[in-house]
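Student: Can you read through this structure? Questions will come right after.
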Amino acid sequence: MSQTQVTAFFEPVTSTFSYVAADPASGRCAIVDPVLDYDSRAARLAMRAAETIADHIRQHGLQVDWVLDTHVHADHFTAATALRERLGGQTGIGENLPVIQRMFREIYNLGPDFAVDGSQYDHLFSDGEAFQVGGLRAWAIHTPGHTPACVCYLIGDALFVGDVLLMPDYGTARCDFPGGDAATLYRSIGRLLSLPPETRMFVAHDYAPDGRPFACETTVAAQRGNVHLRDDIDEDAFVRMRQARDAVLELPAQMLAAIQANVRAGVLPAPEENGVAYLKIPVNRF
């Protein structure tokens, strides 16, 4: 399997890692889970984190094949479309995106004109679908549970897991968002842990427990000892653990604003007659 050159970018407000996965031989790359900065007090978006990625790509003479989201993010705004417009390539996400879109069309009352066919992205990946990043072979692996539309990307020898797994000392994804399911997550994690133990794994978030440095890279072998999975925990025990943990978690700070843009690949709702775009907040819904 080809060696993938992975560069990580950390956005501290949402503790999010974004990645550039590059094929050194061809100079082509994929961007994974890019972030738009959001100032919730001023309701203002900015490109600081995304421009850091764009600067890296320009400085290294890379060409973008793909801008990939692992799921419809609840904790930050995606910069997928913004970076595609600046750098080229195609945006991509899992083919179950329409499931999420239908849920949130109802929650936000987005109306019949809001498309729920996933067409806001350039490509919807089916489970096991192969694609290329330059000369690197890549595959999409559906991993529902955190959301129904989660997908991981194995690009060369590097696996990008989004929120499905966190670092081994922190645990696994929450499952209490609309459409989430802990039993489904357990089975999805099992698929990932069946990959070769030396497979490099890159997580989308880290929260530095016990004051250790922030980290984003681990392996399949290390994840087999994940604090939520060790001692060969069975599915029923995992579900009980996950449900108890999720019951006391707060919603991500940016969720109610970000979701309605992220179901549109990071594009805001169309401006109204005064030229201003508006985000809705569903009251007493969550």
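Student: Among the candidates Val6, Val67, Val13, Val20, which residue alone is in a loop (DSSP other than H, G, I, E, B) and at pLDDT 95 or above?
Tutor: So the residue among Val6, Val67, Val13, Val20 that is in a loop (DSSP other than H, G, I, E, B) and at pLDDT 95 or above is Val13.
Student: Moving on to the next point. What number goes with the only condition from (1) within 14 Å of Gly266 (Cα to Cα); (2) more than 19 Å from the chain's Cα centre (by Cα) that Leu36 does not pass?
Tutor: Just one mismatch for Leu36, condition (2).
Student: Residues of segment 152-191 being of a type in the set (S, T, N, Q) and over 15 Å from Ala204 (Cβ atoms), which ones?
Tutor: Within segment 152-191, Thr184 is the sole residue that qualifies.
Student: Please give the number of the condition Asp113 fails out of (1) under 23 Å from Leu279 (Cβ atoms); (2) among the charged types (D, E, K, R); (3) crowded, with 18+ Cβ neighbours inside 10 Å.
Tutor: (3)
Student: Let me ask something else. Name the single residue that is surrounded by the most Cβ atoms within 10 Å (Cβ to Cβ) among those in segment 11-43 being among the β-branched types (Val, Ile, Thr) and over 18 Å from Trp139 (Cβ atoms).
Tutor: So, considering only residues that are among the β-branched types (Val, Ile, Thr) and over 18 Å from Trp139 (Cβ atoms), the one surrounded by the most Cβ atoms within 10 Å (Cβ to Cβ) is Val35.
Student: Moving on to the next point. So which pairs qualify, if the first residue must be in segment 40-57 and within 14 Å of Thr7 (Cβ to Cβ), the second must be modelled with pLDDT under 95 and hydroxyl-bearing (Ser, Thr, Tyr), the Cβ gap must be under 6 Å, and the two must be at least 6 apart or on different chains?
Tutor: none
Student: Can you name the residue in segment 199-252 that is of a type outside the set (Asp, Glu) and at positive phi and, of all such residues, is surrounded by the fewest Cβ atoms within 10 Å (Cβ to Cβ)?
Tutor: Gly211
Student: Let me ask something else about it. Given the residues Ala49, Ala54, which is the only one that is in contact with a helix residue (DSSP H, G or I) (Cβ under 7 Å, 6 or more places away or on another chain), modelled with pLDDT of 95 or more and at negative phi?
Tutor: Of Ala49, Ala54, the one residue that is in contact with a helix residue (DSSP H, G or I) (Cβ under 7 Å, 6 or more places away or on another chain), modelled with pLDDT of 95 or more and at negative phi is Ala54.
Student: Which one of the conditions (1) within 16 Å of the chain's Cα centre (by Cα); (2) more than 19 Å from Ile259 (Cα to Cα) does Phe77 fail to meet, given that it meets all the rest?
Tutor: Condition not satisfied by Phe77: (2).
Student: Just give me the residues in segment 240-286 being among the charged types (D, E, K, R) and either touching a helix residue (DSSP H, G or I) at 6+ places or on another chain (Cβ under 8 Å) or touching a residue at least 60 places away in the same chain (Cβ under 8 Å) (or both), in sequence order.
Tutor: Correct list: Arg242, Arg245, Asp246, Arg264, Lys280, Arg285.
Residue-by-condition table, conditions (1) over 19 Å from Thr81 (Cα atoms); (2) among the aliphatic types (A, V, I, L, M); (3) at pLDDT 95 or above; (4) touching a His at 6+ places or on another chain (Cβ under 7 Å):
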position: Val239; (1), (2), (3), (4): yes, yes, yes, no
position: Gln243; (1), (2), (3), (4): yes, no, yes, no
position: Asp246; (1), (2), (3), (4): yes, no, yes, no
position: Leu256; (1), (2), (3), (4): yes, yes, yes, no
position: Ile259; (1), (2), (3), (4): no, yes, yes, no
position: Arg264; (1), (2), (3), (4): no, no, yes, no
position: Ala270; (1), (2), (3), (4): no, yes, no, no
position: Asn274; (1), (2), (3), (4): yes, no, yes, no
position: Phe286; (1), (2), (3), (4): yes, no, no, no
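Student: Arg102 - would you say it is of a type in the set (Lys, Arg), more than 27 Å from Ser188 (Cβ to Cβ) and surrounded by fewer than 19 Cβ atoms within 10 Å (Cβ to Cβ)?
Tutor: Taking the combined requirement at face value, the residue does not satisfy it.
Let's see how each residue does on (1) buried (at least 22 other Cβ atoms within 10 Å of the Cβ); (2) farther than 23 Å from Asp23 by Cβ; (3) out of contact with any Asp or Glu (no Cβ under 8 Å at 6 or more places or on another chain):
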| site | (1), (2), (3) |
| --- | --- |
| Ala46 | no, yes, no |
| Ala54 | no, no, yes |
| Gln59 | no, no, yes |
| Gln63 | no, no, yes |
| Val67 | yes, no, yes |
| Thr70 | yes, no, no |
| His73 | yes, yes, no |
| Ala79 | yes, no, yes |
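Student: Hey, another quick one. On the basis of being in a loop (DSSP other than H, G, I, E, B), within 18 Å of the chain's Cα centre (by Cα) and not polar (S, T, N, Q), does Gly118 make the cut?
Tutor: yes
The values are calculated or read from the model by the stated rules, or taken from the named source; none is laboratory data. Since the model is a prediction, treat every value here as computed from it, not as a measurement. All Cβ positions, even for glycine, are placed from backbone atoms using ideal geometry, and neighbour counts span all protein chains on display.
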